[in-house]
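Worksheet for the structure shown next.
The values are calculated or read from the model by the stated rules, or taken from the named source; none is laboratory data. Bear in mind that the values here come from a model prediction, so they are computed numbers and not experimental data. Heads up, the Cβs are rebuilt from the backbone with ideal geometry, glycines too, and the neighbour counts pull from every protein chain shown. Accessible surface is based on the protein model in full, side chains and every heavy atom, while ligands, DNA and RNA are left aside. Shrake-Rupley method; radii C 1.70, N 1.55, O 1.52, S 1.80 Å.
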There are 2 protein chains.
Amino acid sequence: LPAPANAALDNLVVVLVRPRNPLNIGAAARAMTNFGAHRLRLVNSYAPAFREARSAVGAADVLKQAEEFRTVAEAVSDCALVVGTTAIRKRVLQQAVRRLETESGGAIRDHLRAGPVALLFGSEKIGLTNQDFSHCHWLLNIPTHAKNISMNLGQSVAVCLYEIARSAPSAPPSQAAANEGTASGSEPRATAGDTELISALLLEALHKSGYVKPGNDAMCEKKVRGLVLRFNLKALDATVLLGMVRQIIWKLRQTEKKRDGD
Amino acid sequence: LPAPANAALDNLVVVLVRPRNPLNIGAAARAMTNFGAHRLRLVNSYAPAFREARSAVGAADVLKQAEEFRTVAEAVSDCALVVGTTAIRKRVLQQAVRRLETESGGAIRDHLRAGPVALLFGSEKIGLTNQDFSHCHWLLNIPTHAKNISMNLGQSVAVCLYEIARSAPSAPPSQAAANEGTASGSEPRATAGDTELISALLLEALHKSGYVKPGNDAMCEKKVRGLVLRFNLKALDATVLLGMVRQIIWKLRQTEKKRDGD
């Protein structure tokens with residue numbers, strides 16, 4: 001029987017972004033089964049034949065049920081919390097970087113009670129990009145030694161899942177999570193799909209209103225996405241905000257039609 | 001520079017007993033460098049050519065300095081504490097089995113201060129034998145899921161070393177943790193004046209776009225203010241958002257002028 005401590009990993013979605021080595025995909029899947037996680041997603045995986053992943057003792061089911069996506073946005077759209085992993089401890093990033101052993105496991109477990117949480121791992125060579133990071137609420141760092149900070153993909157997955165499974169269910173949910181408005185099951189958080197939609201529509205409004213200058217699209221897109229992520233929206237607030245932005249866009253479109261008709 | 005938390009792993013001796021796969025030896029060595037351990041010993045390794053171990057990014061030194069022994073007894077002879085790893089949680093054993101996450105890390109670290117500690121990992125197929133166990137003061141179990149208790153060798157090493165490195169005198173929590181989910185703790189928060197201004201301008205945009213229905217002003221005002229408050233803005237984000245809403249309003253005003261001019 002699965003230990004109750006691990007049942008909570010049912011909601012954990014492990015997302016491998018651009019993995020290149022089938023061995024690593026297999027190793028990640030195996031680590032998942034070791035710690036009771038089973039939802040594997042791959043974004044833009046290098047080898048279409050990722051199912052040839054070997055060295056995945058006991059992980060056949062996880063690999064068979066793995067889902068493939070073209071973009072990070074699609075892969076995390078149903079998740080209320082998106083966490084990226086990074087070897088980088090100190091870089092100028094929009095997102096907070098939390099240490100795995102002190103600040104991450106418990107927080108993620110608190111969120112897992114409410115719904116799906118995405119944990120992103122980058123490719124073997126370069127990890128996650130800034131573009132990938134822009135989908136993350138915060139980043140998680142495994143405190144490795146200065147001599148070799150870069151971990152093998154399968155081993156990172158194993159260590160992260162061990163830590164999340166380990167972190168005892170802090171009952172009642174930690175004050176931190178409660179402040180983030182997350183752990184309290186009563187008020188569900190906006191999914192990544194919701195916030196991405198709000199970002200996209202807000203960006204459209206900014207385009208139409210002339211806020212986005214030519215050649216500035218990419219920068220603005222990241223800026224808007226980061227801003228909306230930091231709003232840390234509840235599902236209800238997301239719906240309200242979505243309605244507002246839609247109405248504004250509708251009005252801005254009227255302007256355009258008017259101009260076209262001139 | 002190595003963090004002091006990891007310096008304590010100088011005394012940790014990782015002993016791989018009868019490893020069969022060079023990839024796993026390499027993976028174990030890599031995990032060691034990730035967590036600041038560097039003393040690798042192999043007992044009766046299957047391939048004498050273990051130095052061909054690949055996938056050992058950053059672990060060349062550890063592999064080069066690895067020592068080979070014929071027996072467990074010889075490999076652990078200088079260690080005051082010998083700990084075996086096992087997937088088996090309940091078996092009639094001479095030795096106590098301790099769970100990694102609650103009972104092992106701290107105990108091992110305590111011993112590491114005094115002298116070398118051996119941590120034994122068995123072969124991929126069968127793990128450690130009773131004969132191997134007989135050299136151990138106690139056994140350590142990684143609490144894996146019933147569905148797949150058997151971990152990959154490299155991943156077990158990674159998880160155990162992570163736990164031992166983790167059980168350090170806890171460093172003061174990072175600012176990120178103190179400041180839940182935000183980019184930097186020192187960043188000043190938006191003032192109430194900022195958020196009120198954003199609310200007022202957003203409300204104006206909603207008026208102009210037809211979102212606010214007649215007789216609905218008071219309700220909308222409260223709704224907007226509550227929403228913006230819950231954004232929990234930093235001062236910088238408030239400035240950005242203010243700029244966006246202002247631009248949108250400017251555009252919406254253009255519409256009105258156009259209509260007035262019709």
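Odds and ends about this structure:
- Residue in the stretch A:61-80 that is of a type in the set (Gly, Ala, Ser), outside any strand (DSSP E or B), modelled with pLDDT of 80 or more and farther than 29 Å from A:Asp110 by Cβ present: no
- Among the residues of the stretch B:215-224, at least one is open to solvent by 30 Å² or more (accessible area, probe 1.4 Å) and within 10 Å of another protein chain (Cβ to nearest Cβ).
- If only residues of the stretch B:189-203 that are open to solvent by less than 30 Å² (accessible area, probe 1.4 Å) and out of contact with any strand residue (DSSP E or B) (no Cβ under 8 Å at 6 or more places or on another chain) are counted, the one that is nearest to the other protein chains (Cβ to nearest Cβ) is B:Leu202.
- Any pair with Cβ under 8 angstrom, 6 or more apart, that starts in the stretch B:6-30 at a residue that is in a helix (DSSP H, G or I) and ends at one that is crowded, with 24+ Cβ neighbours inside 10 Å and polar (S, T, N, Q): B:Asn24/B:Asn152; B:Ala27/A:Asn152; B:Ala27/A:Gln155; B:Ala27/B:Asn152; B:Ala27/B:Gln155; B:Arg30/A:Asn152; B:Arg30/A:Gln155
- Checklist (1) open to solvent by 10 Å² or more (accessible area, probe 1.4 Å); (2) modelled with pLDDT of 90 or more; (3) within 8 Å of another protein chain (Cβ to nearest Cβ) applied to B:Leu206, failing item: (1)
- Entry remark, the stretch B:228-245: residues being touching a Phe, Trp or Tyr at 6+ places or on another chain (Cβ under 9 Å) and either at pLDDT 90 or above or within 7 Å of chain A (Cβ to nearest Cβ) (or both) number 8 in total.
- Those residues of the stretch A:96-152 which are outside any helix (DSSP H, G or I), more than 12 Å from chain B (Cβ to nearest Cβ) and among the polar types (S, T, N, Q), in sequence order: A:Ser123, A:Thr129, A:Ser134
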